[in-house]
1. Between Leu408 and Ala289, take the C-beta separation as r, use R0 = 56 Å, and let me know the FRET efficiency to the nearest 0.05.
2. With unit charges on the beta carbons (Lys and Arg positive, Asp and Glu negative) and the dipole taken about the Cα centre of segment 30-221, which residue among Thr137, Ala37, Pro155 sits farthest to the positive side?
3. Which one of Val249, Val308, Leu287 has its Cα pushed farthest toward the positive end of the charge dipole of segment 227-312, where Lys and Arg give +1 and Asp and Glu give -1 at the Cβ?
4. Could you tell me the calculated FRET efficiency between Ile92 and Glu356, based on Cβ-Cβ distance and R0 = 45 angstrom, to the nearest 0.05?
5. Given the C-alpha centroids of segment 118-183 and segment 198-219, what is the distance between them in whole angstrom?
6. Under the rule of at least 5 residues apart or a separate chain, name every residue whose amide H is placed under 5 Å from the amide H of Ala152.
7. Based on the mean of other Cβ atoms within 10 Å per residue, sort peptides 351-361, 178-188, 31-41, 283-293 so the most packed one is first.
8. Enumerate the amide H contacts of Val229 below 5 Å, restricted to partners 5 or more residues apart or on another chain; note that Pro and chain-start residues carry no placed amide H.
Amino acid sequence: MSHRPRLTLRALALFPLALALFTAGPAPAEPLDQVMATIFTVHTADDEDRFLGSAFLWGDGAVAVTNAHVVANATEVRLTDATGHEEIATVIASDPTRDVAVISVKSGRVGLTPSTEAPRLGAEVWAFGAPLGVAFTVTEGRISALHRQVEAAVPIRMIQHDAAVNPGSSGGPLVDDAGALVGMNSQIADGSRMFVGIAYAIAADDLSRIVTGLIAETLPPLPQLGMIVRPVDRQLAAALGISATGLLVDQVRQGDLADRAGVKPGDVVLALGDAALTQPGDLAFALEAAQSGTSLDFTILRAGSVLVLMTELDAEPQSALTLRDVASAPARIASYTLATLGLTLGSQDRIAAITENSPALFAGVARGDRILMLNGQPLTAVDLSTARFDAPVLLLLQDTAGTTRHVLIDPWATGKTIRPVGGANVLDPNVVLF
């Protein structure tokens with residue numbers, strides 16, 4: 001007697017759902033996975049391949065965005081995504097004051113767009129980047145505060161959050177739970193190079209305005225007033241016999257806008273244009289607002305009298321970026337010998353002496369090391385006494401205990417070295433802001 005299997009009513013009810021799942025194909029990527037696909041690590045475009053920070057695709061994917069302090073003065077950088085794809089990309093615009101840079105890319109993918117919702121205190125956020133060189137990392141936190149002006153000379157109010165970021169996170173995005181852009185991580189709290197629970201991100205609205213202006217070349221650099229000021233607090237006000245308002249001028253740099261207007265040390269600047277000044281940070285926003293005009297008006301208090309001083313704004317205001325005078329820069333040494341690299345050879349090709357502060361010493365060559373190979377070639381093919389090198393030199397060395405190792409001596413290196421940090425065996429990049 002045969003027994004035919006019976007389908008229960010529950011099994012019959014689940015059959016259409018199973019069929020739908022089977023035919024629907026793979027599930028769409030989660031929001032955080034989609035964000036990770038937009039992230040880059042940023043390295044120098046040369047053979048030194050020095051780690052600089054993080055970046056992410058923007059908008060339609062034609063450009064990537066990062067911090068200006070990540071790319072510094074570089075015109076090209078090497079970008080690497082989470083799949084390992086690399087490209088040499090061009091830095092097309094940079095604003096050092098607002099700390100935003102734009103990089104032209106050939107990604108073929110869509111980037112991040114600002115969230116349609118305003119940042120909310122206590123909202124959950126995720127920070128992407130390469131903290132301490134650990135690439136493609138995401139950390140979770142909460143928005144701790146809104147509208148923090150971190151630097152008095154910069155007209156930006158940042159988002160404060162507590163998602164862990166560290167050196168190398170610079171230029172990475174801060175996103176919400178839908179994967180929409182909330183901001184770009186740019187700084188950590190002063191006083192420590194490592195994360196202490198307070199991180200700052202340029203808000204997406206400000207970032208959108210700055211990136212759009214940089215691409216369209218409509219965002220002028222912030223003019224340099226050329227003065228050092230401090231807020232008139234109650235203690236200073238009591239000493240001066242005035243109200244606790246305005247900014248006391250400590251120093252005025254000759255030839256800059258404040259000097260040309262007639263501002264002097266000891267003046268109290270009460271307003272710039274129509275904007276009253278109570279804190280040093282007010283000055284940056286007032287200056288940015290005044291850029292649309294052709295002149296700059298300082299309302300000052302001097303010896304008990306209120307004066308209005310005016311100066312013309314430059315047609316092309318000076319930016320905060322200081323350019324090196326190439327004509328006066330020292331010439332690059334074309335080639336080195338072993339002696340000028342800092343090495344004195346003894347018998348059997350052993351290092352008899354090393355010059356202090358030499359490229360060889362900094363590279364890690366030790367007295368007593370024996371040179372076995374040079375640039376992958378046995379020494380029988382090289383005359384060490386006359387050899388000249390116009391590129392970094394790779395030595396295979398053997399120490400006095402018989403252990404062999406390779407050492408690269410690069411006398412043209414930038415000096416921005418990296419060093420191992422902590423038990424995680426990660427790298428500590430030399431960055432400007434964090």
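1. 0.60
2. Pro155
3. Farthest towards the positive pole: Val249.
4. 0.55
5. 14 Å
6. Amide H neighbours of Ala152, under 5 Å, 5+ apart: none.
7. Highest-to-lowest ranking by the protection proxy: 178-188, 31-41, 283-293, 351-361.
8. Amide H neighbours of Val229: Asp250.
Read the figures in this text as sums done on the coordinates, not as results from a lab. Since the structure is predicted, the reported quantities are computational estimates derived from the model, not experimental observations. Every residue, glycine as well, gets a Cβ built from its backbone with ideal geometry; the counts of neighbours run over all protein chains shown.
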